[in-house]
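Below is the structure I would like to discuss, written out as structure tokens.
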Amino acid sequence: MQTIIEPFRIKSVEPIRQTTSEEREQLLNAAGYNLFLIDAKNILIDLLTDSGTSAMSTEQWAAMMRGDESYAGSESFYRMERVVRDLTGLRHVIPTHQGRAAERILFTVLCRKGQVIPNNTHFDTTRANIEFAGARAVDLLTPEAADTQARLDFKGNMDVQALERLIAAEGAANIPLVMITVTDNSGGGQPVSMANIAAVKEVASRHGIPLYLDACRFAENAWFIAQREPGYAEWTPKQIAQKMFSYADGCTFSAKKDAFANIGGLLCTNDDRLAVQETNLLILTEGFPTYGGLAGRDLEAIAVGLEEVLHPDYLRYRIASTGYLGRHIADHGVPIVEPPGGHAIYIDAARMLPHVPKHQFPAQALAVELYRHAGIRSVEIGSVMFGANAKHELLRLAIPRRVYTQSHMDYVVEAILEVNDYRAHICGLAIESEPPFLRHFSARFRRI
Ligand SMILES: *Cc1c(COP(=O)(O)O)cnc(C)c1O
């Protein structure tokens with residue numbers, strides 16, 4: 001059978017609202033052509049992010065009723081801790097309100113000014129938190145990924161030779177940790193192979209440097225390994241995920257991604273001394289170690305979500321429906337980052353709009369037009385987000401988990417193909433105002 005069916009049925013529905021293109025033109029103007037500044041009620045299909053936007057299951061909602069809201073020693077924490085330890089093998093499980101809170105605590109404790117942190121590709125909050133701690137974030141993505149059109153299996157891999165060179169140049173003492181982001185969100189949602197994780201671990205541990213996973217999409221990465229890497233076809237996604245984590249000395253995790261939770265994060269480590277320092281900082285800004293800025297019910301949702309996300313029926317549907325969107329637009333001439341990633345499709349806006357130069361933000365211009373035309377919200381991953389560090393000008397269409405149906409995806413395909421037909425008429429943007437950090441969230445633009 002070819003038809004992708006959602007492996008769930010719908011018990012509770014949420015209306016979405018149509019607007020006219022004239023209304024959307026006015027809304028865009030008022031929002032300074034920044035889709036982060038448009039109210040959600042004015043969005044028809046929201047592909048801004050897959051973060052915190054998942055639909056929870058009946059089991060998650062049921063578990064939330066069991067949430068133990070005790071300040072100290074909550075049962076919900078211990079349930080979540082058991083699931084995380086079983087999955088990651090990491091001893092210390094520190095809850096945080098989001099992934100970035102885990103990052104801030106980790107880098108505050110581990111980094112000194114002038115130090116360097118390599119990653120396949122740093123996510124925007126990861127880079128910002130490293131830079132805020134006075135350290136330098138270096139992306140060491142495999143050179144194969146530079147060609148957005150190459151259909152290779154593991155374009156999220158780290159360049160292991162470049163890591164060796166970086167360690168030789170900077171000195172191991174100046175590199176407090178090596179990170180690998182699975183899947184590589186900012187690099188197209190591309191997976192990292194088990195062999196690459198193992199190779200990076202070998203280099204890092206030879207130099208006495210701990211390896212951390214930015215594990216936000218560990219389950220989607222595990223599914224790609226099962227499908228693409230020789231030797232793993234018979235493994236369950238959970239077994240693969242456990243093996244991925246077996247190479248890690250610690251991890252950061254946003255529960256808003258592959259835990260189907262609406263909020264939450266984790267910082268895990270096997271280092272007892274580090275865990276004490278991290279917990280001290282946690283108490284200062286997030287909360288007591290058995291809740292870390294979350295409600296007991298959130299910890300329950302995470303515990304259940306981490307098990308559900310590894311179900312093969314779910315992962316098969318998840319990756320197939322992302323691929324469906326990607327193939328249907330790419331096969332009709334829209335340049336995407338190939339092959340389709342796990343959680344999102346990335347349109348190569350520099351290729352689609354060759355008449356809009358990089359300094360006029362082609363991906364931002366395309367995001368604005370897709371909203372104006374069809375009420376679809378997407379996000380720029382390019383020069384607006386990363387400034388001079390941007391390698392590509394991408395428009396990301398992130399797909400919330402278990403939220404939209406096949407017909408919603410068909411609508412998105414149709415809208416993108418219509419915009420593609422008149423792409424020569426799309427004009428660039430100029431920045432009118434911007435904040436000092438993470439400017440994509442609040443910068444304002446004008447049309448050129
Ligand atoms: C979302 C994300 C983060 C940050 O997590 P938040 O919960 O949004 O703070 C870090 N790394 C990656 C790869 C992410 O996708």
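The values are calculated or read from the model by the stated rules, or taken from the named source; none is laboratory data. Given the structure is predicted, the values throughout are model-derived calculations rather than measurements. So basically every Cβ, Gly included, is an ideal-geometry build from the backbone, and we count neighbours across all protein chains shown. SASA here: full protein model, heavy atoms, side chains in, ligands and nucleic acids out. Shrake-Rupley method; radii C 1.70, N 1.55, O 1.52, S 1.80 Å.
Taking 8 Å as the Cα distance limit and 6 or more residues as the minimum spacing, I'd like the relative contact order of segment 58-308 as a percentage.
That works out to 32 percent.
May I ask you to give the percent of accessible area on the chain that is carbon plus sulfur, with a probe radius of 1.4 Å?
C and S fraction of accessible area: 53 percent.
Probe of 1.4 angstrom, ligands and nucleic acids ignored: what's the accessible area per residue over segment 140-279, in square angstrom?
On a per-residue basis, 33 Å².
Continuing with the same structure: So what is the 222 nm mean residue ellipticity for the chain from helices alone, if each DSSP H run of at least 4 adds -39500 (n - 2.57) and you divide by all residues, rounding to the nearest 500 deg cm²/dmol?
About -12500 deg cm²/dmol.
Would you kindly state how much longer the chain becomes between Ile283 and Gln239 on full extension, computed as 0.36 nm times their sequence separation minus their alpha carbon distance, in nm to one decimal?
12.5 nm
Treating the Cα atoms of the chain as identical point scatterers in vacuum, please give the log10 of the normalised Debye intensity I(q)/I(0) at q = 0.06, 0.09, 0.10, 0.12 Å⁻¹, two decimals.
The calculated log intensity ratios at q = 0.06, 0.09, 0.10, 0.12 Å⁻¹ are -0.24, -0.56, -0.70, -1.03.
Calculate the spin-label point distance for Ala173 paired with Asp313, positioning each point 7 Å from the Cα along the beta-carbon direction, and give it in nanometres.
In this crude label model, Asp313 to Ala173 measures out at 5.7 nm.
Leaving out ligands and nucleic acids, and using a 1.4 Å probe, what accessible area per residue does segment 313-441 come to in Å²?
Ligands and nucleic acids excluded, the figure is 35 Å² per residue.
Quote the relative contact order of the chain in percent (integer), defining contacts as alpha-carbon pairs under 8 Å separated by 6+ residues.
23 percent
Separation between the Lys391 and Asn270 pseudo-spin-labels, each 7 Å from Cα along Cα→Cβ, expressed in nm?
Distance between the two pseudo-spin positions: 2.8 nm.
Now for a different question. For the chain, give the magnitude of the charge dipole about the Cα centre (Cβ charges: +1 Lys/Arg, -1 Asp/Glu; no others), in debye to the nearest 20.
About 380 debye.
Considering only segment 58-308, what is the antiparallel percent among its DSSP beta bridges, to the nearest 5?
50 percent
Ignoring ligands and nucleic acids, what accessible area does Ser205 show with a 1.4 Å probe (Å², nearest 10)?
My reading of the accessible area for Ser205 is about 60 Å².
What full-extension length gain, to one decimal in nm, is calculated for His425 and Phe441 as 0.36 nm per residue of separation minus the Cα-Cα distance?
Gain in length upon complete extension: 3.1 nm.
Same structure, new question: Of the lysine pairs in the chain, how many meet both conditions: Cα atoms under 28 Å apart, and a spacing of 8 or more in sequence or different chains?
Taking the chain as the scope, the lysine pair count is 27.
Please identify the DSSP H helices in the chain that span no less than 24 Å along the helix axis (Cα) and have a mean Kyte-Doolittle hydropathy of -1.0 or more.
TM-like helix candidates: 312-330.
Using a 1.4 Å probe and ignoring any ligands, DNA or RNA, find the accessible area of Tyr324 and quote it in Å² to the nearest 10.
Around 50 Å² of this residue is reachable by solvent.
Could you list log10 I(q)/I(0) for segment 58-308 at q = 0.07, 0.10 Å⁻¹, which the Debye formula gives when each Cα is one point scatterer?
-0.22, -0.45
Summarise the long-distance tail of P(r) for segment 93-171 by giving the % of C-alpha pairs beyond 15 Å.
Roughly 62 percent, once rounded to a whole number.
Treating each Cα of segment 317-448 as an identical point scatterer and ignoring solvent, apply the Debye formula and state log10 I(q)/I(0) at q = 0.15, 0.20 Å⁻¹.
Here the Debye-derived log intensity ratios amount to -0.68, -1.16.
Using a 1.4 Å probe, what is the accessible area per residue for segment 12-79, in Å²?
For segment 12-79, the per-residue accessible area is 56 Å².
Here's something else I'd like to know. Beta carbons within 10 angstrom, averaged per residue: use that to sort the peptides 332-341, 250-259, 49-58, highest first.
In descending order of packing, they fall as 250-259, 332-341, 49-58.
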